[in-house]
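The values are calculated or read from the model by the stated rules, or taken from the named source; none is laboratory data. Source: prediction; values computed, not measured. Glycine also receives a Cβ, built like all others from the backbone with ideal geometry; neighbour counts cover every protein chain displayed. Heads up: the accessible areas ignore ligands, DNA and RNA and are worked out on the full protein's heavy atoms, side chains in. Shrake-Rupley method; radii C 1.70, N 1.55, O 1.52, S 1.80 Å.
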Amino acid sequence: MNHMRILNIIANFDLAFSIFFSKKYSSLVPIAKIISHTGNGPFYVFIALIASLISNNGEKFVIIGLASFAIELPIYWLTKNTFRRQRPSDSSSLIHSHITPPDKYSLPSGHAAAAFVMSTLIGYFHPSLLILSLCWATAIAISRVLLGVHFLTDIVLGAALGVASTNLI
(Lines give C-alpha, C1' and ligand atoms only; values in the text may rest on other atoms or scores of the structure.)
Protein backbone atom coordinates (compact mmCIF):
# COMPACT_ATOMS: atom_id res chain seq x y z
CA MET A 1 0.00 0.00 0.00
CA ASN A 2 1.53 3.34 -0.97
CA HIS A 3 1.77 6.26 1.42
CA MET A 4 -0.84 8.39 -0.39
CA ARG A 5 -3.42 5.64 -0.02
CA ILE A 6 -2.63 5.31 3.68
CA LEU A 7 -2.96 9.07 4.13
CA ASN A 8 -6.34 8.99 2.36
CA ILE A 9 -7.56 6.18 4.62
CA ILE A 10 -6.48 8.17 7.68
CA ALA A 11 -8.11 11.35 6.36
CA ASN A 12 -11.39 9.54 5.65
CA PHE A 13 -11.37 7.94 9.10
CA ASP A 14 -10.62 11.30 10.73
CA LEU A 15 -13.47 12.99 8.91
CA ALA A 16 -15.97 10.23 9.72
CA PHE A 17 -14.87 10.18 13.36
CA SER A 18 -15.16 13.97 13.67
CA ILE A 19 -18.65 14.00 12.18
CA PHE A 20 -19.80 11.17 14.47
CA PHE A 21 -18.12 12.63 17.56
CA SER A 22 -19.44 16.15 17.03
CA LYS A 23 -23.02 14.91 16.62
CA LYS A 24 -22.93 12.32 19.42
CA TYR A 25 -21.42 14.62 22.07
CA SER A 26 -22.64 18.05 20.99
CA SER A 27 -24.21 18.61 24.41
CA LEU A 28 -20.70 18.66 25.91
CA VAL A 29 -19.51 21.65 23.86
CA PRO A 30 -19.87 24.17 26.75
CA ILE A 31 -17.71 21.95 28.99
CA ALA A 32 -15.25 21.37 26.14
CA LYS A 33 -14.80 25.13 25.77
CA ILE A 34 -13.84 25.44 29.44
CA ILE A 35 -11.48 22.46 29.29
CA SER A 36 -9.89 23.71 26.08
CA HIS A 37 -9.32 27.12 27.65
CA THR A 38 -7.18 25.52 30.37
CA GLY A 39 -4.84 24.50 27.54
CA ASN A 40 -4.04 28.10 26.67
CA GLY A 41 -0.61 29.53 27.49
CA PRO A 42 -1.43 31.60 30.60
CA PHE A 43 -2.43 28.51 32.57
CA TYR A 44 1.01 26.96 31.95
CA VAL A 45 2.67 30.08 33.32
CA PHE A 46 0.47 29.75 36.41
CA ILE A 47 1.45 26.08 36.85
CA ALA A 48 5.15 26.94 36.46
CA LEU A 49 4.81 29.74 39.02
CA ILE A 50 3.11 27.44 41.52
CA ALA A 51 5.70 24.72 40.91
CA SER A 52 8.56 27.15 41.43
CA LEU A 53 7.05 28.27 44.74
CA ILE A 54 6.05 24.94 46.29
CA SER A 55 8.54 22.46 44.89
CA ASN A 56 12.09 21.82 45.99
CA ASN A 57 12.91 21.50 42.29
CA GLY A 58 10.78 24.43 41.13
CA GLU A 59 13.58 26.15 39.28
CA LYS A 60 14.48 22.91 37.49
CA PHE A 61 10.77 22.40 36.63
CA VAL A 62 10.69 25.83 34.95
CA ILE A 63 14.00 25.35 33.12
CA ILE A 64 13.06 21.91 31.76
CA GLY A 65 9.62 23.21 30.86
CA LEU A 66 11.10 26.10 28.88
CA ALA A 67 13.55 23.75 27.16
CA SER A 68 10.73 21.34 26.30
CA PHE A 69 8.66 24.12 24.77
CA ALA A 70 11.76 25.35 22.92
CA ILE A 71 11.84 21.94 21.20
CA GLU A 72 8.08 21.50 20.79
CA LEU A 73 7.13 24.89 19.38
CA PRO A 74 9.44 25.00 16.31
CA ILE A 75 8.54 21.41 15.39
CA TYR A 76 4.84 22.24 15.83
CA TRP A 77 5.15 25.36 13.67
CA LEU A 78 7.20 23.65 10.96
CA THR A 79 4.87 20.63 10.80
CA LYS A 80 1.72 22.75 10.75
CA ASN A 81 3.04 24.97 7.96
CA THR A 82 4.47 22.07 5.95
CA PHE A 83 1.37 19.85 5.92
CA ARG A 84 -1.20 22.69 5.90
CA ARG A 85 -4.01 20.34 6.78
CA GLN A 86 -7.45 21.93 6.73
CA ARG A 87 -9.34 22.10 9.98
CA PRO A 88 -12.38 19.79 10.33
CA SER A 89 -14.90 22.62 10.02
CA ASP A 90 -13.22 23.66 6.75
CA SER A 91 -13.31 20.06 5.50
CA SER A 92 -17.02 19.39 5.94
CA SER A 93 -20.17 21.44 6.39
CA LEU A 94 -21.29 18.75 8.85
CA ILE A 95 -18.67 19.91 11.37
CA HIS A 96 -19.06 23.23 13.13
CA SER A 97 -16.18 25.08 14.74
CA HIS A 98 -17.38 26.19 18.17
CA ILE A 99 -14.35 28.42 18.76
CA THR A 100 -12.06 30.51 16.61
CA PRO A 101 -8.82 28.56 16.19
CA PRO A 102 -5.56 30.45 16.75
CA ASP A 103 -4.29 29.66 13.24
CA LYS A 104 -5.39 28.25 9.91
CA TYR A 105 -4.12 24.66 9.97
CA SER A 106 -4.87 21.66 12.16
CA LEU A 107 -1.92 19.23 12.14
CA PRO A 108 -0.62 18.84 14.82
CA SER A 109 -2.73 20.14 17.67
CA GLY A 110 -0.72 22.76 19.52
CA HIS A 111 -3.06 22.53 22.50
CA ALA A 112 -2.49 18.77 22.73
CA ALA A 113 1.28 19.19 22.32
CA ALA A 114 1.51 21.85 25.02
CA ALA A 115 -0.79 19.97 27.41
CA PHE A 116 1.30 16.82 27.08
CA VAL A 117 4.54 18.78 27.55
CA MET A 118 3.12 20.04 30.83
CA SER A 119 1.62 16.68 31.83
CA THR A 120 4.89 14.86 31.19
CA LEU A 121 6.76 17.53 33.13
CA ILE A 122 4.35 17.29 36.06
CA GLY A 123 4.64 13.50 36.05
CA TYR A 124 8.42 13.69 36.07
CA PHE A 125 8.60 16.04 39.06
CA HIS A 126 5.47 14.85 40.88
CA PRO A 127 4.82 11.19 39.97
CA SER A 128 1.77 11.03 42.24
CA LEU A 129 0.10 13.62 39.96
CA LEU A 130 0.89 11.83 36.69
CA ILE A 131 -2.51 10.14 36.22
CA LEU A 132 -4.37 13.37 37.04
CA SER A 133 -2.19 15.41 34.68
CA LEU A 134 -2.58 12.84 31.88
CA CYS A 135 -6.37 12.92 32.30
CA TRP A 136 -6.30 16.73 32.11
CA ALA A 137 -4.06 16.73 28.99
CA THR A 138 -6.24 14.08 27.34
CA ALA A 139 -9.38 16.09 28.13
CA ILE A 140 -7.82 19.16 26.50
CA ALA A 141 -6.93 17.15 23.41
CA ILE A 142 -10.38 15.56 23.12
CA SER A 143 -12.05 18.93 23.65
CA ARG A 144 -10.29 20.21 20.53
CA VAL A 145 -11.93 17.47 18.45
CA LEU A 146 -15.35 18.14 19.97
CA LEU A 147 -14.96 21.86 19.30
CA GLY A 148 -14.42 21.11 15.59
CA VAL A 149 -10.90 22.51 15.32
CA HIS A 150 -8.89 19.26 15.20
CA PHE A 151 -9.07 15.75 13.87
CA LEU A 152 -8.24 12.71 15.99
CA THR A 153 -4.83 12.23 14.36
CA ASP A 154 -4.03 15.92 14.99
CA ILE A 155 -4.39 15.43 18.73
CA VAL A 156 -2.59 12.06 18.75
CA LEU A 157 0.39 13.55 16.91
CA GLY A 158 0.26 16.66 19.11
CA ALA A 159 0.32 14.50 22.24
CA ALA A 160 3.24 12.47 20.88
CA LEU A 161 5.11 15.68 20.06
CA GLY A 162 4.56 17.01 23.57
CA VAL A 163 5.71 13.83 25.30
CA ALA A 164 8.72 13.41 22.99
CA SER A 165 9.79 17.04 23.39
CA THR A 166 9.82 16.73 27.16
CA ASN A 167 11.52 13.34 27.17
CA LEU A 168 14.37 14.69 25.04
CA ILE A 169 15.47 16.92 27.90
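With contacts taken as Cα pairs under 8 Å and at least 6 residues apart, the range 1-146 reaches a relative contact order of 33 percent.
Rounded to whole Å, give me the distance from the Cα center of the range 137-161 to that of the range 1-33. What the calculation gives is 10 Å, centre to centre. Straight-line cross-link partners of K24 among the lysines, defined as a Cα under 25 Å from its Cα and at least 8 positions apart when in the same chain: K33. Heavy-atom accessible surface of the range 1-71, averaged per residue, reaches 68 Å², computed with a 1.4 Å probe. Counting heavy atoms of the protein chains alone, I6 has an accessible area of about 70 Å² for a 1.4 Å probe. Of T138, T166, the residue with the largest accessible area leads and the full order is T138, T166 (1.4 Å probe).
Computed from label points 7 Å out along Cα-Cβ, the spacing between L94 and I9 is 2.1 nm.
In the assembled protein chains, F43 presents an accessible area of approximately 70 Å² (probe radius 1.4 Å).
Overall, the anisotropy analysis places the chain in the prolate class: the square-rooted eigenvalues a ≥ b ≥ c of its C-alpha gyration tensor yield a/c not less than 1.5, with a/b exceeding b/c.
Only protein heavy atoms count here; on that basis, with a 1.4 Å probe, V29 has an accessible area of about 10 Å². What list of ³J(HN,Hα) values in whole Hz, one per residue of the range 151-166 in order, does the Karplus curve 6.51 cos²θ - 1.76 cosθ + 1.60 (θ = phi - 60°) give from phi, with Gly and Pro shown as x? In residue order, the calculated couplings are 8, 4, 5, 4, 6, 5, 5, x, 4, 4, 4, x, 5, 5, 4, 6 Hz.
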